[in-house]
Amino acid sequence: MMEKIGVVAIGRNEGDRLVRCLNSLVAQMPVGVPIIYVDSGSTDGSVGFAESIEVQVVNLDLSIPFTMARGRNAGFQRLIGQAPDLKYVQFIDGDCELIHGWVEAAIAALETDPTLAIVCGRRRERFPERSVYNRLADMEWNTPVGEAEACGGDALMRVEAIRAVGGYNETLIAGEEPEMCVRLRKLGWKIERIEADMTLHDAAMLEFGQWWKRSIRGGWAMAAWSDLHGAPPERYMVRENRKHWGWVLGLPLFAIGLAGITSGCSLLAFLGYPLLMWKVYRYRLGRGDSATDARSYAGFCVLGKVPESIGRVNYWLMKLRGKQATLIEYKQSVT
């Protein structure tokens with residue numbers, strides 16, 4: 001079935017990361033498989049490199065705000081315009097390298113179940129040892145195997161399913177993949193995470209400020225999901241958002257607000273934070289993480305509620321003002 005597949009990679013100033021990405025695609029795809037690279041205004045020679053190895057390039061219109069969703073849609077449209085009989089498309093981010101054997105395993109899974117719209121696998125961090133932030137990302141990628149609610153940026157998808165929902169929501173600056181998955185599941189499609197290595201990802205997240213920005217982006221996405229799909233019966237991320245604000249606002253207001261009339265006893269509510277860390281720690285141990293990694297994950301999970309709150313507030317402020325949000329970029333561009 002490899003003759004029925006196409007590939008879409010997206011990127012912006014990824015430098016050597018993109019070189020690894022495109023080289024892995026060219027090396028693993030049979031001759032004739034269309035590979036599309038969608039560039040969002042790179043200044044690092046990305047376009048020239050892609051063209052030098054005969055990868056087709058789509059340059060996005062610079063007058064329109066960039067979103068990854070827009071890039072993926074543009075690549076998909078180029079693919080099906082050239083080969084309308086394509087059955088599958090592999091989406092991959094420009095900071096990722098495709099792992100040998102992934103596409104064959106993913107196609108085999110899709111072929112066994114016609115209701116499967118998307119198959120994803122294990123995304124691994126290329127350099128988890130370089131920083132605690134890279135390691136956190138690697139742990140985040142380790143999602144449970146089996147039927148899933150959503151996928152990430154790397155996944156093999158059924159063309160029929162993407163067409164059925166009209167592709168990605170181009171207004172989203174983050175979280176466009178889970179949002180599309182919600183719409184797919186509403187139509188009866190399924191998403192599955194299989195036990196197979198899929199891609200190597202290079203987060204290049206070496207500083208606290210980068211992690212902070214990435215967490216803000218995550219909060220923005222969660223607010224968008226509940227706004228778009230929070231109505232019954234889906235109620236997507238509504239419960240998660242309520243729990244978030246309970247930890248960020250509810251608990252402190254309760255503890256401090258009642259301190260006077262409880263002789264300070266209400267301040268014991270702040271013990272909820274270390275208890276939450278303990279719960280996350282035990283969960284990560286159950287996922288196979290070391291005690292050190294589990295402690296790091298638990299601590300940053302609780303701390304991350306602050307930047308995530310900023311992202312949520314930013315989402316609603318931009319919506320109330322009727323403005324289109326712009327990308328929240330945490331990674332340093334290579335120029």
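No lab work stands behind these numbers, since they all come straight from the coordinates. These numbers were taken from a predicted model, which means no experiment stands behind them. Note that each Cβ is placed from the backbone with ideal geometry, even for glycine, and that neighbours are counted across all protein chains shown.
Rg and Dmax of region 229-320, both derived from C-alpha coordinates alone, stand at 16.1, 45 Å.
Residue pairs exceeding 30 angstrom between C-alpha atoms, taken from Lys87/Lys213; Lys213/Lys243; Lys186/Lys279: Lys87/Lys213; Lys186/Lys279.
Each label point was placed 7 Å from the Cα along the Cα-to-Cβ direction; for Glu149 and Ile256 their separation is 3.0 nm. Across the chain, the mean sequence separation of Cα contacts (distance under 8 Å, 6 or more residues apart), normalised by length, yields a relative contact order of 19 percent.
Principal axis extents of the Cα atoms in the chain, from largest to smallest and rounded to whole angstrom, are 75, 43, 42. Near Arg193, once Lys and Arg are set to +1 and Asp and Glu to -1 for all other residues with Cβ below 13 Å from its Cβ, the sum equals -4. Counting Lys and Arg as +1 and Asp and Glu as -1, what is the net charge of the other residues whose Cβ lies under 12 Å from the Cβ of Pro114? My count for the surroundings of Pro114 gives 0.
Estimated from the Cβ-Cβ distance and a Förster radius of 25 angstrom, the FRET efficiency linking Val248 and Ser290 is about 0.30. Extending 7 Å from the Cα toward the beta-carbon at both Asn142 and Leu267 defines two label points whose distance is 3.8 nm. Listing Trp212, Trp225 from fewest to most neighbouring C-beta atoms within 10 Å gives Trp212, Trp225.
Net charge within 11 Å of Tyr330 by Cβ-Cβ distance, Lys/Arg positive one each and Asp/Glu negative one each, not counting Tyr330 itself?
Its environment carries a net charge of +2.
For region 153-231 versus region 1-74, the inter-centroid distance based on Cα atoms is 19 Å.
Of the Cα atoms belonging to region 177-335, the radius of gyration and Dmax stand at 18.6, 59 Å. Based on the Cβ-Cβ distance of Glu51 and Leu327, what FRET efficiency does E = 1/(1 + (r/R0)^6) give at R0 = 22 Å, to the nearest 0.05? Step by step, r from the Cβ atoms, then E = 0.35.
Placing R0 at 30 angstrom, the Cβ-Cβ distance between Asn23 and Glu207 gives a FRET efficiency of 0.60 after rounding to 0.05.
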